[in-house]
Amino acid sequence: MVAAKVTPADLRAMKSRGELIPSLTAYDYPLAKLLDEAGIPLILVGDSLGMVVLGYPDTTHVTMAEMEHHVRAVARARPRALLAADLPYHSYENPRSALENSQRLVAAGAEAVKAEGGRSILEQVRAIVGAGIPFLGHLGMLPQSVLEEGGYHIKGRQDAERAALLADAKALEEAGAFGIVLELVTPPVAREISQSISIPTIGIGSGPDCDGQILVTPDLVGGFPWFTPKFVKPRIHTGDDIRAAVAEWSQTLLKPKSSP
Ligand code: KIV
């Protein structure tokens, strides 16, 4: 593990040393501080905040203003981790808007940005990287496409899908991405992609053979107990603990006062 501020180059070096990259999402100051104190090298202000913090049904409702608000809160923790942030839905439809919105996230405190897609967004990736902003790719199941795709489906089962994923991963690497999140990609295809490119892959629900793993932190700690993805085993159950603590505290208030 590196000692100083983590950079994209450090994450690439971790891949070349065969060191796994544990990554998690944060949406506010205390969570970012806790993840950083635990030594997580890559923190993502994910647009999953739409569901796990803001109560939207999916990520397509998240706005730039909401992303900026949460990036500012996380950045105030001044993490040693590399701080990446999602470009939200419809914020990177062309190279100009992709660059402008990336610059807004950087002004809010992000050190890297992430967007969903491969060859379909290469011009946007080139504009972002060309301006000196580190870019993290996202392939496989793309949550911002949930409405078009009619749900969250595993990717890589058909030959054509496998070939498209590999071509997208190579194109993102060539365009200058420093890493790629692989979401719900079949484990053999995730392994093949990881072995085919020199930048790190960060898997989520894509098997054990990616160069790193990322989770939505509330899934890991039971902080959003109404839904947990099948591939996550919560390590603690903060939702249950909060309910129990609140119920126990309320009960203490109901106890009759002892007479003087
Ligand atoms: O929005 C998010 O939290 C993400 C992770 C699932 C990788 O993109």
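Here are the numbers:
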{"item": "Qualifying residue in region 223-237 (condition: within 13 Å of the chain's Cα centre (by Cα) and closer than 28 Å to residue 30 by Cβ)", "result": "no"}
{"item": "Boolean, residue 42 is over 12 Å from residue 111 (Cα atoms) and at pLDDT 95 or above", "result": "no"}
{"item": "Selection from region 234-252 of residues that are under 24 Å from residue 57 (Cβ atoms) and either in contact with an Asp or Glu (Cβ under 6 Å, 6 or more places away or on another chain) or open to solvent by less than 60 Å² (accessible area, probe 1.4 Å) (or both)", "result": "234, 238, 239"}
{"item": "Verdict on residue 119 being in contact with a Pro (Cβ under 8 Å, 6 or more places away or on another chain) and farther than 28 Å from residue 222 by Cα", "result": "no"}
{"item": "Some residue of region 31-45 being touching a Phe, Trp or Tyr at 6+ places or on another chain (Cβ under 6 Å) and surrounded by 24 or more Cβ atoms within 10 Å (Cβ to Cβ)", "result": "no"}
{"item": "Test: residue in region 218-233 that is open to solvent by less than 100 Å² (accessible area, probe 1.4 Å), touching a Phe, Trp or Tyr at 6+ places or on another chain (Cβ under 7 Å) and part of a helix (DSSP H, G or I)", "result": "yes"}
{"item": "All helices (runs of 4 or more DSSP H) inside region 18-101 with 2 or more residues being within 15 Å of the ligand (Cβ to nearest atom) and under 20 Å from residue 5 (Cβ atoms)", "result": "29-37, 64-75"}
{"item": "So residue 126, is it touching a Gly at 6+ places or on another chain (Cβ under 8 Å) and basic (Lys, Arg)", "result": "yes"}
{"item": "Single condition residue 133 does not satisfy, out of (1) away from the ligand (no atom under 16 Å from the Cβ); (2) in a loop (DSSP other than H, G, I, E, B); (3) open to solvent by 20 Å² or more (accessible area, probe 1.4 Å)", "result": "(3)"}
{"item": "Odd one out for residue 213 among (1) touching a helix residue (DSSP H, G or I) at 6+ places or on another chain (Cβ under 9 Å); (2) within 16 Å of the ligand (Cβ to nearest atom); (3) not β-branched (Val, Ile, Thr)", "result": "(1)"}
{"item": "Meets criteria (within 13 Å of the chain's Cα centre (by Cα), under 17 Å from residue 30 (Cα atoms) and open to solvent by 10 Å² or more (accessible area, probe 1.4 Å)) for residue 71", "result": "no"}
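The values are calculated or read from the model by the stated rules, or taken from the named source; none is laboratory data. From a predicted model like this one, the values you see are computed outputs, not experimental measurements. Cβ coordinates were reconstructed from backbone atoms using ideal geometry, including for glycine residues, and neighbour counts include every protein chain displayed. We work out accessible area using only protein heavy atoms, side chains counted, and drop any ligands, DNA or RNA first. Shrake-Rupley method; radii C 1.70, N 1.55, O 1.52, S 1.80 Å.
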